[in-house]
């Protein structure tokens, strides 16, 4: 698979996949699964070098970060924590030999179970983990250290878990200041302008998160996960509402629609062309929507039923470019050349 053009980085419950559309975003091809078939919660890439990172794991395996320098042909893995399989392999030499297990302790013991989010910016790779914590690598993912300022924050004891537990699910770098990051929200490239979609609607902050305005009016539901911001127009955003926290978590009326605002959430329009309009019960998770920087901007999302949809006209129409994958946990875009 060529490393040039546009590639979707798709993390699933059964490993990582690369979905490539080349320079013209067509003829989509799929490769994978990678990362030993482990659950991959998030992936990111560096457009300058083409390096790809994937993070995941779980209670059984412990947490790991994988790196590929050659567009997925080969992967190296850094184990961060131990899992239940370590106890099993330690007591069963035949099993240890079969899976290639070695007794060297991972650097963070059993202090967390999963990598949940990744962010590469300003030459650093940040890693969000479960239970909520933050790591940083300054050598491209070869080694990691804790960001102690977050772990020791006075408010840590009051953090409340969601349905997936206490996870650090989003890392947003400031586009200009390499020392500033936001945790747990989504943002465009405009300084201090932030958006978030959560269990209580869509919200907008114009002051770096110090205050928030509700921008839910006009949407069919207050509940959902993903939100995406236009690469050049910070007033244009896309989200995919679901029918409710305890009502099934699928599109309202079982008819899929991505909703777009051109005025920062003051008004909304439903975009349905090419999306299933009957018996649609999929869920789109928090990290499973992404966008490219082309003209017009492309928008992509993956579902828990294993489909990936693409719009090459800023949401006006959609096409299914992958199907029958495992549950999609994340979609990110890598653009090169």
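Listed values, structure above:
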item	result
Those residues of region 163-179 which are surrounded by 12 or more Cβ atoms within 10 Å (Cβ to Cβ) and modelled with pLDDT under 70, in sequence order	164, 165
Test: residue 39 is surrounded by 15 or more Cβ atoms within 10 Å (Cβ to Cβ), out of contact with any helix residue (DSSP H, G or I) (no Cβ under 9 Å at 6 or more places or on another chain) and within 24 Å of residue 120 (Cα to Cα)	yes
Boolean, residue 64 is closer than 17 Å to residue 14 by Cβ and buried (at least 20 other Cβ atoms within 10 Å of the Cβ)	yes
Strands (runs of 3 or more DSSP E) fully within region 1-104 counting 1 or more residues that are under 22 Å from residue 307 (Cβ atoms)	5-12, 15-22, 29-34, 40-45, 52-58
Candidates 182, 212 - the one that is touching a strand residue (DSSP E or B) at 6+ places or on another chain (Cβ under 7 Å) and at pLDDT 90 or above	212
Cβ pairs under 8 Å, 6+ apart, first in region 75-87 and within 18 Å of residue 141 (Cα to Cα), second modelled with pLDDT under 95 and assigned to a helix (DSSP H, G or I)	77/36
Residue list for region 233-263, restricted to those being on the phi > 0 side of the Ramachandran plot and at pLDDT below 95	244, 248, 249
Counted residues, region 115-138 - those being closer than 20 Å to residue 152 by Cα and either more than 12 Å from the chain's Cα centre (by Cα) or surrounded by fewer than 24 Cβ atoms within 10 Å (Cβ to Cβ) (or both)	10
Qualifying residue in region 144-153 (condition: modelled with pLDDT of 90 or more and under 23 Å from residue 332 (Cα atoms))	yes
Tabulated pairs, region 90-113, first at pLDDT below 90, second surrounded by 12 or more Cβ atoms within 10 Å (Cβ to Cβ), C-beta under 6 angstrom, 6+ apart or interchain	95/89; 96/89; 101/89
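The values are calculated or read from the model by the stated rules, or taken from the named source; none is laboratory data. For clarity, every value in this text was computed on a predicted model and none was experimentally measured. Cβ: placed from backbone, ideal geometry, glycine included. Neighbour counts: every protein chain shown.
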